[in-house]
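The values are calculated or read from the model by the stated rules, or taken from the named source; none is laboratory data. Owing to the predicted nature of the structure, the values given are computational and were not obtained by experimental measurement. Cβ placement follows ideal geometry from the backbone for every residue including glycine, while neighbour counts extend to all protein chains displayed. For the accessible areas, the whole protein counts, side chains as well, though only heavy atoms, and no ligand, DNA or RNA atoms are used. Shrake-Rupley method; radii C 1.70, N 1.55, O 1.52, S 1.80 Å.
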Amino acid sequence: SHPRNQITGTADIDYDSISTDPCERGKSWNQIIDLTRGGRTPKPDPAEQFGLLGLEWGAFADSLEDNHIDVRGVDSALQFLQDYFRRPSDFCDKPFFMALGLTKPHHPLFFPERLTPEFYNTNISQFPYELPYNAPFNLDPPNGVVMPPQPPAGNWTDYDSLPYIGKIMATDYGGYLHDQFVFYGNNLSPLPGIAPGLDSAQRRDAAMEAHRANSILAYLAMVRFMDDQVGRLITTLEGRPEVYHNTVIVLVSDHGFSLGEKKHWKKVALWESALRVPMIIADPRRTSARECSKPVSLVDLFPTIDRK
């Protein structure tokens, strides 16, 4: 719900015009704030942008972070909370329901420079090149990002064993991203040195895997960026314990994201990496944490909350 005063967005849409008094409205949302028309993700400098068709990544200047659509969305949510804290009567002295949609870590994977992750390395002209992925793959502690595991029978044998429809599902969505990574490695010119003692094939494979690793590191940076935004909300609520301890918080995503398993990237597949979503419910009425392993239908989430 929303009070009589307004939070400005690019489009403020009143979905319940039965009454001019917001305290009498109950048919739908009191207000929707739509920021999508005001721009999306800041772009990196061209020299800091990398990637493939349909999966771009890179670091943008920290000075642009305040203009990020997700930062602006959280800013609006924080303004809503501050208004609620200050004058509950403007909210009809009733509890509020607020839904905040964040866009990331959806691609493009453009992250603030301050969140550049450890091991992220896009300068393949170095010699020897600091590989951004864990090598050997089972090294502990890792010396690079831990890549999605390959089956014991050999690289990509999990893809090779798929039936025809499975292979279509793995590689037809997302612009054949796996093939684009392979094309990148096979067409580097001049071929980077990577490390002493490697032949041409090994250097190409290493360059391709490094490209994949940097994209995964960019994805992880975007996850951290979303952690920061959720943290801003939690910190503001914690500043008002009487509200914080009376607020149910639900964190949920719309789908998973494959990072090259079975040659599959992004979503639209019936595998766990693309289907499973994070779902956390923080209810102040519960004093201990619980994990539930039962399947959950996200379309049932809102009606369940609405009945509480």
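Quick notes
- Some residue of the range 272-289 being in a loop (DSSP other than H, G, I, E, B), open to solvent by less than 100 Å² (accessible area, probe 1.4 Å), touching a Gly at 6+ places or on another chain (Cβ under 7 Å) and in contact (Cβ under 8 Å) with a residue 24 or more places away in the chain: yes
- When the range 85-137 is limited to residues that are under 15 Å from the mean Cα position of the chain (by Cα) and aliphatic (A, V, I, L, M), the one that is surrounded by the most Cβ atoms within 10 Å (Cβ to Cβ) turns out to be Leu109.
- Within the range 30-37, one or more residues are modelled with pLDDT under 95 and over 26 Å from the mean Cα position of the chain (by Cα).
- Matching option when the condition is closer than 24 Å to Ile165 by Cα and not hydrophobic (A, V, I, L, M, F, W, C), among Ser258, Ser293: Ser258
- Restricted to helices (runs of 4 or more DSSP H) entirely inside the range 156-265, those with at least 1 residues that are crowded, with 17+ Cβ neighbours inside 10 Å and acidic (Asp, Glu) are 157-160, 200-238.
- Residue selection: Ala99 satisfies the criterion of being of a type in the set (A, V, I, L, M) and not in a helix (DSSP H, G or I).
- Enumeration of residues in the range 71-84 that are open to solvent by 60 Å² or more (accessible area, probe 1.4 Å) and not basic (Lys, Arg): Asp75, Gln79, Gln82
- Of all residues making up the range 264-303, the number that are among the basic types (Lys, Arg) and under 20 Å from the mean Cα position of the chain (by Cα): 3
- Against the list (1) touching a Leu at 6+ places or on another chain (Cβ under 7 Å); (2) surrounded by fewer than 19 Cβ atoms within 10 Å (Cβ to Cβ); (3) among the hydrophobic types (A, V, I, L, M, F, W, C), the condition Leu64 fails is (1).
- Subset of the range 138-155 (residues that are exposed (fewer than 15 other Cβ atoms within 10 Å of the Cβ) and in contact with a strand residue (DSSP E or B) (Cβ under 7 Å, 6 or more places away or on another chain)): Pro148
- Some residue of the range 107-125 being out of contact with any Leu (no Cβ under 9 Å at 6 or more places or on another chain), over 29 Å from Gly193 (Cα atoms) and not aromatic (Phe, Trp, Tyr): yes
- Sole exception among (1) open to solvent by less than 70 Å² (accessible area, probe 1.4 Å); (2) farther than 23 Å from Gly231 by Cα; (3) of a type outside the set (Asp, Glu); (4) modelled with pLDDT under 95 for Trp57, by number: (4)
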